[in-house]
Amino acid sequence: MADSSSVTSRHLVDELTARREKEPVGNALLDAAADGRLSVDALRRLVSTEAQCHLAELGAYGTVLSRFPRRPAADLSIRLARLVHDAQPKLQQCAQALGLDDLHGSDRPTERAAYTFNGTLSWLAAQGSQAAFALASATDLRVYFSGCAELVRHIRRSGFEAPQSFLTYYEDETPQELEQLALDVVQDGLDRGDDPRDAVFCARLLEESIGDFWRAAAGPA
């Protein structure tokens, strides 16, 4: 990495992309789909795991807003919280279509991997720098949305039967405007003296936790 005083958010994104190509975290759910092991139970696990993530995300974004109430960081926290808040009724429709009645009770996942993302995100919200949290958020947006969209494309190609509410919920691509806002917040943090190496470490850590998210959804190999 170049001298930290000259590092930009784009440099950090490029570094993460290079590491992703060299040391991919992987997506166990897409692997299961490619191997013909996709099941309705996997869709249920995906929805129930995501429901737990929503609770952690809303708390995390509120924490970050209280720590960094200035713009553009505050704008990012509010936009992310709104994204999750607006998604909850749609996720509930997916759950009902898949026969899940109690996402935060009897239907919630029991595997440790289903909660790794929650712990990492909550830790970043409480302890991470502005640049670290924003770079992790940008990584989350890119990796999560692209993985979900690819899953829906596979389902449509293969003819696997899935509820329309599920396909509608998971088919969205990465929201480019929001990802750019996250990178603007990264740059603002760097300009204020945040450590770029720490930001990369935290973003990669969150990406690895998303790998656990996919594994929890995929279930036993």
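The values are calculated or read from the model by the stated rules, or taken from the named source; none is laboratory data. In this text the structure is predicted, and so the values were computed from the model without any measurement. For neighbour counting, all protein chains shown are included, and Cβ atoms are generated from backbone atoms with ideal geometry for every residue, glycine included. Calculation scope for accessible area: heavy atoms of the full protein, side chains included, ligands and nucleic acids excluded. Shrake-Rupley method; radii C 1.70, N 1.55, O 1.52, S 1.80 Å.
Observations on the structure shown:
- Any hit, the range 130-139, residues being open to solvent by 40 Å² or more (accessible area, probe 1.4 Å) and not hydrophobic (A, V, I, L, M, F, W, C): no
Matching residues to (1) outside any helix (DSSP H, G or I); (2) surrounded by fewer than 18 Cβ atoms within 10 Å (Cβ to Cβ); (3) touching a strand residue (DSSP E or B) at 6+ places or on another chain (Cβ under 9 Å); (4) of a type in the set (Phe, Trp, Tyr):
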| site | (1), (2), (3), (4) |
| --- | --- |
| His104 | yes, yes, no, no |
| Ala113 | no, no, no, no |
| Phe117 | no, no, no, yes |
| Thr120 | no, no, no, no |
| Ala126 | no, yes, no, no |
| Leu151 | no, no, no, no |
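- The range 62-84 residues that are within 13 Å of Ser129 (Cα to Cα) and open to solvent by less than 40 Å² (accessible area, probe 1.4 Å), paired with ones that are of a type outside the set (A, V, I, L, M) and assigned to a helix (DSSP H, G or I) (beta carbon under 6 Å, 6 or more apart): Val64/Ser77; Val64/Phe133; Phe68/Gln130; Ala73/Gln130
- Of the residues screened, Asp188 is not one that is modelled with pLDDT of 95 or more, outside any helix (DSSP H, G or I) and over 18 Å from Cys148 (Cβ atoms).
- Residue in the range 171-191 that is surrounded by 17 or more Cβ atoms within 10 Å (Cβ to Cβ) and more than 22 Å from Leu83 (Cβ to Cβ) present: yes
- Scanning the range 3-12 turns up no residue that is surrounded by fewer than 12 Cβ atoms within 10 Å (Cβ to Cβ), free of Cβ contacts under 8 Å to residues at least 40 places away in the same chain, among the basic types (Lys, Arg) and over 22 Å from Tyr115 (Cβ atoms).
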